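Participant: Handing you a structure now.
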Protein chains: 2
Amino acid sequence: MSILGLKESQVAPLVRAIAGDEQDRDALWDRFSRSAWTGIAEPGDRVAGTLVAVLGAREALDAVVSRENVEALHGRVGDTVTKEELGQAFERWTPRLQSRTALLALSQAARYGVRLLVPGDTAWPPGMDDLGPHAPLALWLRGNESTLATAGDSIALVGARAATGYGEHVAMEASAGLVDRGYTIVSGAAYGIDGMAHRAALASSGQTIAVLAGGVDRFYPSGHEALLTRIVDAGAVLSELPCGAAPTKWRFLQRNRLIAAMSRATVVLEAGWRSGSLNTAGHAAALGRPLGAVPGPVTSAASAGCHRLIREFDAVCVTNPDEMAELAPLTGLADRAEGALRTTIEGETVEPAGMQEDRVRVVDALSTRSARVVDDIAARAGLSVATVQGVLGAMQLDGGAAERGSGWVRTPPPARG
Amino acid sequence: MSILGLKESQVAPLVRAIAGDEQDRDALWDRFSRSAWTGIAEPGDRVAGTLVAVLGAREALDAVVSRENVEALHGRVGDTVTKEELGQAFERWTPRLQSRTALLALSQAARYGVRLLVPGDTAWPPGMDDLGPHAPLALWLRGNESTLATAGDSIALVGARAATGYGEHVAMEASAGLVDRGYTIVSGAAYGIDGMAHRAALASSGQTIAVLAGGVDRFYPSGHEALLTRIVDAGAVLSELPCGAAPTKWRFLQRNRLIAAMSRATVVLEAGWRSGSLNTAGHAAALGRPLGAVPGPVTSAASAGCHRLIREFDAVCVTNPDEMAELAPLTGLADRAEGALRTTIEGETVEPAGMQEDRVRVVDALSTRSARVVDDIAARAGLSVATVQGVLGAMQLDGGAAERGSGWVRTPPPARG
């Protein structure tokens, strides 16, 4: 039995190192396959999620590695995914089918004491399942499984990196107050609001979870190295990306869906009109999770996004920890309207479809300095070679990218997704 | 023909002075009767409103002066008012049936160039009619009738007297911005937000209307004497109380209903948790008028009331003049759900019924220094002698009032309604 040309003897020790000894052969191959999938499919890939859900991670991986006939595979998977989608997915996964990368991620994880969580594990955050086919295929954990067990009563506190003193003060009060009430604080470890939320939770000896957009082996942002080290000690640092994976704009946006999904409620503390935390808020709303926003001076641009959430997106105006706690009382998971939820997700809110999304990923994969060949860009972006060529053509026309020698570079001003 | 023992020769010159010469005899007596009613019934008196609506102001006044049999009067008025209510109303109106007071109010008005407006006059603000039986029986105007003609496109800007620099800044921006867009600013001429709203409107050469809780012959608060004089020059100062009437807590609360009713929308700019401007907001909501609130720092007690309106009373979060203007676009009066409105008003929101309301009025009528006899208190409060005796008894028990000699005084700490 082998996958990606790897024998059980190569895979088993590594999987045991990151997931414990009690693995029968099937579970072991399932875990290995899921860990490999986290490096093959970009976060939120609905086709990968569907394939793995229907066939199991290993059989799904086998089908891709063996380039199973799309017609036949579609017959096995059913109509939630079209033949075209399957074909396109094969194109974008193929450039990443490398046994070396999969093994490297595992050994790096083992080195840093990273654990691999898969659905069904006790520590698997139950909220993730609400993402349906967009749910992460596995999660890489650095820190305490016991912290994840508290995620059922968690509130996400998110906000702008460019926070004001007011925003940081409110984040500190919110985090400390919620921790005192027994909540776990989920955030993204960014500068500004996120960092303050984690810090105040730690200072109050509370539970806190940081969800990263890249591998948990390297901390981002680097200025939060010390903070993230403390979170590993006292809480948990999570990512759906394997060790070695760089954070990209696409992954930040998808990381936000994990923050929203694993939290009972999301509160935006300070956000500019176009802040990334509005993206997290959008995920929370799409998931039917309660959404709160903290008002601030109307004279402060850093609060404009919060007011926008209250005005346009029905966010609840919350002004203190009590009101934030009201969003998600400490009594187990609230019922959620699964039907409505799925509809929204299948729609366009989370689905990584369309030229705009592809372009975000290609921009992520390009460098302004070193020219990269299309195959390399495709592998980095998790897109098919054909898609990358199409996007590069469009970018060349509007000046977003340029050919240099045999490769491509991103040209300033950087395009923003 | 006479009323209150007054002959036409006594009344006519005064009425002509405050309402113009083109008065036939019926109109003249109607105007005089309405002016007298503003001194007999407290603002918002539903029984007076109903009586005047059904019988006309003069016939209603005649019925009270002649102490018409309640049984017979009830037959004429119909079932919207009960016999008990009629009887109680007679009790509270009787102590105020004084020709001297009515004449004094008129001559004082003539002296200050005050005009009397009655329903049907061109300058009568149309929004008032939505108050139904709680509508003012007449309005005393000091200033420009042309300003009242602009009230169809008015927005009320109200807020705390104890405003912060932030609140005053926002009030100034709001008022100037709305005036620039063509709105008339309605407010209560109080210190803090109200004063800033008027001031900024004047500074932008805009239209502004101040609604007072006492007679327009004496300006309240006295520190706004100069401001109110400027509003008289360039805008309008209104009250439903006759000249000589003092502002009382009850009248402030009822004044707020006029501000809400004559404005297309009400915006609260800054308000503490129990600010009086929440009362205005409550009237606006009861009338089905759009209600906005400006958020502020959650660390500021002066914004707590605004956040409360957004959280608990469905006020729209508004952060700039554009968003305020959206509450009431400049295109004539919006349709209002008359049915729902009446229900709310007939309920308890505006109706001055019950011990608590009576107590507010008795407290208003008491002095902490000079002892007042029950008859005097009844006349001042616009309540029957029996009601006043009941309230005083209760206040004596809880220490709110005490007998001194042949009269009563209010005892500190002052009771708050």
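Every number here is computed from the coordinates shown, using simple stated rules; none is lab data. Note that the coordinates shown come from a computational prediction; the quantities given were computed from them, not determined experimentally. So basically every Cβ, Gly included, is an ideal-geometry build from the backbone, and we count neighbours across all protein chains shown.
Participant: Please arrange B:VAL77, A:VAL118 by counting, for each residue, the other beta carbons lying within 10 Å of its beta carbon, fewest first.
Facilitator: Details: B:VAL77 22, A:VAL118 18.
Fewest-to-most ranking of B:VAL77, A:VAL118: A:VAL118, B:VAL77.
Participant: Around A:ASN320, with a cut-off of 13 angstrom between Cβ atoms, what is the net charge of the other residues, counting Lys and Arg +1 and Asp and Glu -1?
Facilitator: Neighbour charge sum, excluding A:ASN320 itself: -2.
Participant: Under 30 Å from the Cα of A:LYS83, which lysines turn up, not counting those fewer than eight places away in the same chain?
Facilitator: Qualifying lysines at Cα under 30 Å: A:LYS249.
Participant: Based only on other Cβ atoms within 10 Å, what is the fewest-to-most ordering of B:LEU137, A:LEU330, A:LEU4? Working shown, then result.
Facilitator: Values: B:LEU137 24, A:LEU330 11, A:LEU4 21.
Fewest to most other Cβ atoms nearby, the residues stand as A:LEU330, A:LEU4, B:LEU137.
Participant: Let me ask something else. What does the average come to when, for each residue of peptide A:314-321, you count the partner chain Cβ atoms lying within 10 Å of its Cβ? Could the numbers behind the result be given before it?
Facilitator: Details: counts 0, 1, 2, 12, 3, 13, 4, 0.
The per-residue average across the peptide is 4.
Participant: Another question, then. Of the trypsin sites (Lys or Arg not before Pro) in region A:1-108, which ones lie in a loop per DSSP and count no more than 16 other C-beta atoms within 10 Å? Before the final figure, lay out the partial values.
Facilitator: Values: sites: A:LYS7, A:ARG16, A:ARG25, A:ARG31, A:ARG34, A:ARG46, A:ARG58, A:ARG67, A:ARG76, A:LYS83, A:ARG92, A:ARG96, A:ARG100; in loops: A:ARG67.
Hits after loop and neighbour filter: A:ARG67.
Participant: Classify region B:271-333: rounded, prolate or oblate, from the alpha-carbon gyration tensor (a ≥ b ≥ c, eigenvalue square roots; a/c under 1.5 rounded; otherwise prolate if a/b is larger than b/c)?
Facilitator: Values: a/c = 2.59, a/b = 1.46, b/c = 1.78.
In terms of gyration-tensor shape, oblate.
Participant: Over region A:2-111, what is the mean sequence separation of C-alpha contacts under 8 Å (at least six apart), divided by residue count, expressed as relative contact order in percent? Mind showing how you got there, number by number?
Facilitator: Working: 80 pairs, mean separation 40.0, N = 110.
Relative contact order comes out at 36 percent.
Participant: Where is the GNM fluctuation largest for chain A (alpha-carbon springs, 10 angstrom cutoff): A:GLY152, A:GLY44, A:GLY188?
Facilitator: Sorting by GNM fluctuation, first place goes to A:GLY152.
Participant: Looking at the square roots a ≥ b ≥ c of the eigenvalues of the Cα gyration tensor of region B:144-344, which shape do they give, rounded for a/c under 1.5, prolate if a/b is larger than b/c, or oblate?
Facilitator: Values: a/c = 1.24, a/b = 1.17, b/c = 1.06.
Because its axes are fairly even, with a/c under 1.5, region B:144-344 counts as rounded.
Participant: While we're on this one: Looking at chain A only, what percent of DSSP beta bridges run antiparallel? Nearest 5 please.
Facilitator: Details: 14 of 32 bridges.
Around 45 percent antiparallel, to the nearest 5.
Participant: Remind me, what semi-axes does chain B give for its equivalent ellipsoid, largest first in whole Å, using sqrt of 5 times each Cα gyration tensor eigenvalue? List each step's numbers first, then the result.
Facilitator: Working: eigenvalues 224, 132, 83 Å².
Over the Cα atoms of chain B, the ellipsoid semi-axes are 33, 26, 20 Å.
Participant: Let me ask something additional. Between beta-carbons, use under 10 Å as the cut-off and find the net charge around B:LEU330, counting Lys and Arg +1, Asp and Glu -1. Write out the running numbers ahead of the final one.
Facilitator: Details: positive: B:ARG181, B:ARG264; negative: B:ASP153.
Summing Lys/Arg as +1 and Asp/Glu as -1 gives +1.
Participant: Hey, in the GNM for chain A with a 10 angstrom Cα cutoff, which one of A:ASP79, A:ASP233, A:ASP376 fluctuates hardest?
Facilitator: In the Gaussian network model the winner is A:ASP79.
Participant: Could you line up A:LEU212, B:LEU103 from fewest to most neighbouring Cβ atoms inside 10 Å? Write out the running numbers ahead of the final one.
Facilitator: On the way: A:LEU212 26, B:LEU103 18.
The most exposed by this proxy come first: B:LEU103, A:LEU212.
Participant: A follow-up question, please. Could you work out which residue, out of B:LEU73, B:LEU253, B:LEU291, moves most in a Gaussian network model of chain B, that is, has the largest mean-square fluctuation with Cα springs under 10 Å?
Facilitator: Between B:LEU73, B:LEU253, B:LEU291, it is B:LEU73 that shows the largest mean-square fluctuation.
Participant: Restricting to bridges with both residues inside the protein assembly as shown, how much of the DSSP beta-bridge set is antiparallel, in percent to the nearest 5? Don't skip to the answer; put the middle values down first.
Facilitator: On the way: 28 of 64 bridges.
If we restrict to bridges inside the protein assembly as shown, about 45 percent are antiparallel.
Participant: By the gyration tensor of its Cα atoms, with a ≥ b ≥ c the square roots of the eigenvalues, what is the shape of the protein assembly as shown: rounded for a/c under 1.5, prolate for a/b over b/c, or oblate? Before the final figure, lay out each step's value.
Facilitator: On the way: a/c = 3.17, a/b = 2.68, b/c = 1.18.
Since a/c reaches 1.5 and a/b is larger than b/c, the shape of the protein assembly as shown is classed as prolate.
Participant: Taking the axis that carries chain B onto chain A, what is the nearest Cβ in chain B, and at how many Å, to the whole number?
Facilitator: B:PRO295, 2
Participant: In addition: Less than 12 Å Cβ to Cβ from A:SER204, Lys/Arg counted +1 and Asp/Glu -1: what total charge do the surrounding residues give? The partial results should precede the final answer.
Facilitator: On the way: positive: A:ARG181, A:ARG199; negative: A:GLU173, A:ASP180.
Net charge around A:SER204: 0.
Participant: To the nearest 20 Debye, how big is the dipole of chain B about its Cα centre, given +1 on the beta carbon of each Lys and Arg and -1 on that of each Asp and Glu? Please report the intermediate quantities before stating the final value.
Facilitator: Details: 40 positive and 47 negative charges, 256 e Å.
In total the dipole reaches around 1240 debye.
Participant: Follow-up question, since we're still on this one. So what is the calculated 222 nm ellipticity per residue for chain B, using -39500 (n - 2.57) for each DSSP H run with n of 4 or more, over all residues, to the nearest 500 deg cm²/dmol?
Facilitator: Working: 19 runs with 201 residues, N = 417.
Mean residue ellipticity, 222 nm, calculated: -14500 deg cm²/dmol.
Participant: Right, here's the next one. Could you list the square roots of 5 times each eigenvalue of the Cα gyration tensor of region B:355-408, that is, the equivalent ellipsoid semi-axes, sorted largest first and rounded to whole Å? It would help to have the intermediate numbers written out before the result.
Facilitator: Details: eigenvalues 41, 32, 19 Å².
One finds semi-axes of 14, 13, 10 Å for region B:355-408.
Participant: How big is the dipole moment of the protein assembly as shown about its Cα centre under a simple scheme where the beta carbon of each Lys and Arg is +1, that of each Asp and Glu is -1, and everything else is neutral? Debye, nearest 20, please.
Facilitator: My answer is approximately 1920 debye.
Participant: If you average the alpha carbon positions of region A:101-173 and of region B:29-45, how far apart do those two centres end up, in angstrom?
Facilitator: Centre-to-centre distance over Cα atoms comes out at 70 Å.
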